[in-house]
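Enquirer: Got a structure for you, written out below as structure tokens; questions coming shortly.
The values are calculated or read from the model by the stated rules, or taken from the named source; none is laboratory data. The structure displayed is predicted, hence computed values, not measured ones. Every residue, glycine among them, receives a Cβ derived from its backbone with ideal geometry; neighbour counts consider all protein chains shown.
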Ligand code: SF4
């Protein structure tokens with residue numbers, strides 16, 4: 001069975017009437033004509049989709065079989081400044097994959113299946129006007145030297161979203177004609193359909209990578225790391241800018257060797273053209289107590305790696321969540337070591353930012 005068929009076997013679609021009336025909503029419903037269609041007043045509160053936190057089989061089934069189609073109401077591009085200048089209004093949220101450390105807000109309960117927004121024309125129009133208002137980028141920054149970068153994958157994985165609707169392709173086509181701006185999204189899934197979209201350098205795909213052994217345990221339902229690496233040259237050749245997202249960096253007893261191996265694997269796989277345009281971002285693991293407790297119920301082995309009170313400190317957020325990160329003064333040392341290893345293994349790879 002193809003990976004795409006394993007990820008998504010949609011049998012029930014929850015749809016807001018306003019979304020069903022839009023052309024994109026109709027196209028999505030027509031993709032799965034055999035699915036039960038359930039009308040919902042809002043894509044937010046659908047109790048049967050919450051899933052039981054401790055029952056992984058149940059929520060993975062929800063991820064695979066359920067799809068929500070709604071209308072994105074608030075359209076705003078939030079200033080960011082780290083991986084992108086702006087976070088674009090999402091065209092989807094939720095994910096069919098199930099990484100153990102996933103920070104994508106679990107608005108729809110633990111299972112967090114994909115919600116796709118049907119008002120793509122409104123979203124595209126908003127973005128086009130927003131880009132026009134920025135004018136030309138005069139000062140280079142860590143996001144990009146010349147283009148305003150818009151991240152469209154903060155709440156979902158766009159390569160998987162592209163299996164559900166044409167929203168992502170529509171935005172790639174839009175940005176092709178916006179020379180002062182660039183689209184960007186991080187992904188852990190290789191969707192080769194994207195290779196025919198002709199992005200003409202205006203879309204940056206950031207393949208997320210971590211050492212293979214860890215990814216096999218933590219990146220549940222994603223494309224294997226070796227396959228993600230193997231896709232990079234093809235994406236560059238197809239007109240994408242391709243960066244890598246080294247994240248999350250997790251401290252294990254052998255983390256230095258594991259990352260050195262990954263850098264060597266990447267170096268051996270990349271074409272000259274891919275190396276020439278490569279850049280990376282580095283993000284160390286943050287975790288939280290709530291997620292830790294949920295994970296103990298289905299994936300305790302992952303928690304042996306993610307939850308390390310001996311190395312981590314807790315910082316309470318304003319909404320009361322206990323967020324966990326590596327102890328600040330130790331982390332500085334890990335970060336320096338990581339950057340040293342990356343410079344040795346991938347000397348041509350600019351690090352856009354690391355934290
Ligand atoms: S692929 Fe991204 S959005 Fe999906 S579960 Fe993994 S970390 Fe979360």
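Enquirer: For the stretch 136-156, does any single residue satisfy the condition of being within 16 Å of the ligand (Cβ to nearest atom) and not in a loop (DSSP other than H, G, I, E, B)?
Expert: Within the stretch 136-156, one or more residues are within 16 Å of the ligand (Cβ to nearest atom) and not in a loop (DSSP other than H, G, I, E, B).
Enquirer: Determine, yes or no, whether residue 182 is surrounded by 17 or more Cβ atoms within 10 Å (Cβ to Cβ) and more than 16 Å from the ligand (Cβ to nearest atom). Walk me through how you get there before you give the answer.
Expert: Values: surrounded by 17 or more Cβ atoms within 10 Å (Cβ to Cβ): yes; more than 16 Å from the ligand (Cβ to nearest atom): yes.
Spelling it out, residue 182 is indeed surrounded by 17 or more Cβ atoms within 10 Å (Cβ to Cβ) and more than 16 Å from the ligand (Cβ to nearest atom).
Enquirer: A further question on this structure: Go through the stretch 200-224 and give me each residue that's away from the ligand (no atom under 13 Å from the Cβ) and touching a strand residue (DSSP E or B) at 6+ places or on another chain (Cβ under 8 Å).
Expert: Passing the criteria: 201, 202, 203, 204, 205.
Enquirer: What's the total number of residues in the stretch 157-181 that are over 30 Å from residue 111 (Cβ atoms) and either part of a loop (DSSP other than H, G, I, E, B) or touching a residue at least 60 places away in the same chain (Cβ under 8 Å) (or both)?
Expert: So the answer is 4.
Enquirer: If I ask for residues that are part of a helix (DSSP H, G or I) and either at pLDDT below 90 or crowded, with 17+ Cβ neighbours inside 10 Å (or both), which ones from the stretch 306-333 would you list?
Expert: 306, 331
Enquirer: Mind checking which residues of the stretch 290-340 are touching a strand residue (DSSP E or B) at 6+ places or on another chain (Cβ under 7 Å) and without any contact (Cβ under 8 Å) to a residue 12 or more places away in the chain?
Expert: Selection gives 315, 316, 317.
Enquirer: Shifting gears a bit: Using the structure shown, decide if residue 118 is crowded, with 22+ Cβ neighbours inside 10 Å, farther than 24 Å from residue 50 by Cα, away from the ligand (no atom under 16 Å from the Cβ) and at pLDDT 95 or above. Walk me through it before giving the result.
Expert: Details: crowded, with 22+ Cβ neighbours inside 10 Å: yes; farther than 24 Å from residue 50 by Cα: no; away from the ligand (no atom under 16 Å from the Cβ): yes; at pLDDT 95 or above: yes.
When the stated conditions are applied, residue 118 does not pass them.
Enquirer: Given the structure, is residue 110 within 27 Å of residue 351 (Cα to Cα), assigned to a loop (DSSP other than H, G, I, E, B) and within 16 Å of the ligand (Cβ to nearest atom)? I'd like the intermediate steps shown before the answer.
Expert: Numbers: within 27 Å of residue 351 (Cα to Cα): no; assigned to a loop (DSSP other than H, G, I, E, B): yes; within 16 Å of the ligand (Cβ to nearest atom): yes.
Here the answer is no, as residue 110 does not meet what is asked.
Enquirer: Answer with yes or no whether residue 92 is over 30 Å from residue 308 (Cβ atoms), loosely packed, with under 14 Cβ neighbours inside 10 Å and either away from the ligand (no atom under 16 Å from the Cβ) or within 18 Å of the chain's Cα centre (by Cα) (or both). Even if it seems obvious, please write down each step before you answer.
Expert: On the way: over 30 Å from residue 308 (Cβ atoms): yes; loosely packed, with under 14 Cβ neighbours inside 10 Å: no; either away from the ligand (no atom under 16 Å from the Cβ) or within 18 Å of the chain's Cα centre (by Cα) (or both): yes.
Answer is no for this residue.
Quick grid of which residues meet (1) away from the ligand (no atom under 16 Å from the Cβ); (2) out of contact with any strand residue (DSSP E or B) (no Cβ under 8 Å at 6 or more places or on another chain); (3) without any contact (Cβ under 8 Å) to a residue 40 or more places away in the chain:
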{"site": "25", "(1), (2), (3)": "yes, no, no"}
{"site": "42", "(1), (2), (3)": "yes, no, yes"}
{"site": "50", "(1), (2), (3)": "yes, yes, no"}
{"site": "86", "(1), (2), (3)": "yes, no, no"}
{"site": "98", "(1), (2), (3)": "no, yes, no"}
